[in-house]
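To keep things clear, I will list the structure first and then write my remarks on it.
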Amino acid sequence: MAEKTLEILFHETLKDIYYAERKILKALPKMARGAQSPELKAAFEKHRDETEGQIERLQQVFELIGKRPQGKTCAAIEGILEEGEEILEEFKGQPALDAGLVAAAQAVEHYEIARYGTLKRWAQVLGMKDAVKLLDATLKEESMTDDSLSALADQVANQKALKAA
Ligand SMILES: [Fe+2]
């Protein structure tokens, strides 16, 4: 068996997050349509646009390692997104819908933060400075999205879910 190196692990994980980002890009408009509050709708729409840029950054990282951009099925993101779909269906028209959607979106962000954090560290030890910059830019965007979702949970979604009780 050929030796499995950190370079290979990096490439495989890059394919995982590339697959995940493209799935997320498709899921976000659905979440935006489903969200009740205009603030949450706007947050999902904004992150949809950011996700396009994140996919482009990943394509640049593929280029840096001399590989063509390619995804690898990621069961984790499929499961997380499926849970979001369940919330959309089960809480449709209900006061707790937005609270559930924020939670589902934060699970997505945390998955991405885990992946980008790992990829950035590996790029650092592999001495890939340009890849570090690209991965760090996305990592910061994901963290900011997570923070704004927390703020939306506190200021809008959870309050609304509570009041209706
Ligand atoms: Fe992302």
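The values are calculated or read from the model by the stated rules, or taken from the named source; none is laboratory data. The structure presented is a predicted model; accordingly, all values stated were derived computationally and were not measured. Positions of Cβ are backbone-derived with ideal geometry, glycine not excepted, and every protein chain shown enters the neighbour counts.
Of the residues Gly93, Gly84, which is out of contact with any Pro (no Cβ under 9 Å at 6 or more places or on another chain) and on the phi > 0 side of the Ramachandran plot? If you could, list the steps in order and put the result at the bottom.
Working: Gly84 fails: on the phi > 0 side of the Ramachandran plot.
Testing whether each residue is out of contact with any Pro (no Cβ under 9 Å at 6 or more places or on another chain) and on the phi > 0 side of the Ramachandran plot leaves just Gly93.
Which residues, taken from the range 127-155, are farther than 24 Å from Phe44 by Cβ and among the small types (Gly, Ala, Ser)?
Of everything in the range 127-155, those that are farther than 24 Å from Phe44 by Cβ and among the small types (Gly, Ala, Ser) turn out to be Gly127, Ala131.
Each row is one residue, and each column tells you yes or no for (1) within 20 Å of Lys41 (Cβ to Cβ); (2) of a type in the set (A, V, I, L, M, F, W, C); (3) not in a helix (DSSP H, G or I).
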residue: Asp98; (1), (2), (3): yes, no, no
residue: Glu109; (1), (2), (3): yes, no, no
residue: Ala114; (1), (2), (3): no, yes, no
residue: Thr118; (1), (2), (3): no, no, no
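If a residue has to be in contact with a Leu (Cβ under 9 Å, 6 or more places away or on another chain) and buried (at least 20 other Cβ atoms within 10 Å of the Cβ) to count, how many in the range 105-114 make the cut?
The total comes to 4.
Take Val102 and decide whether it is more than 12 Å from the ligand (Cβ to nearest atom), under 14 Å from His47 (Cα atoms) and either buried (at least 17 other Cβ atoms within 10 Å of the Cβ) or among the polar types (S, T, N, Q) (or both).
Values: more than 12 Å from the ligand (Cβ to nearest atom): yes; under 14 Å from His47 (Cα atoms): yes; either buried (at least 17 other Cβ atoms within 10 Å of the Cβ) or among the polar types (S, T, N, Q) (or both): yes.
Yes, satisfied.
State all residues of the range 48-68 that are within 12 Å of the ligand (Cβ to nearest atom) and either modelled with pLDDT under 95 or polar (S, T, N, Q) (or both); if no residue qualifies, say none.
Taking the range 48-68 as the starting set, the residues that turn out to be within 12 Å of the ligand (Cβ to nearest atom) are 48-58.
Passing the criteria: Thr51, Gln54.
Does the range 31-50 contain any residue that is outside any helix (DSSP H, G or I) and among the aliphatic types (A, V, I, L, M)?
Within the range 31-50, one or more residues are outside any helix (DSSP H, G or I) and among the aliphatic types (A, V, I, L, M).
Answer yes or no as to whether Gly71 is within 16 Å of the ligand (Cβ to nearest atom), among the small types (Gly, Ala, Ser) and outside any helix (DSSP H, G or I).
Values: within 16 Å of the ligand (Cβ to nearest atom): yes; among the small types (Gly, Ala, Ser): yes; outside any helix (DSSP H, G or I): yes.
Taking the combined requirement at face value, the residue satisfies it.
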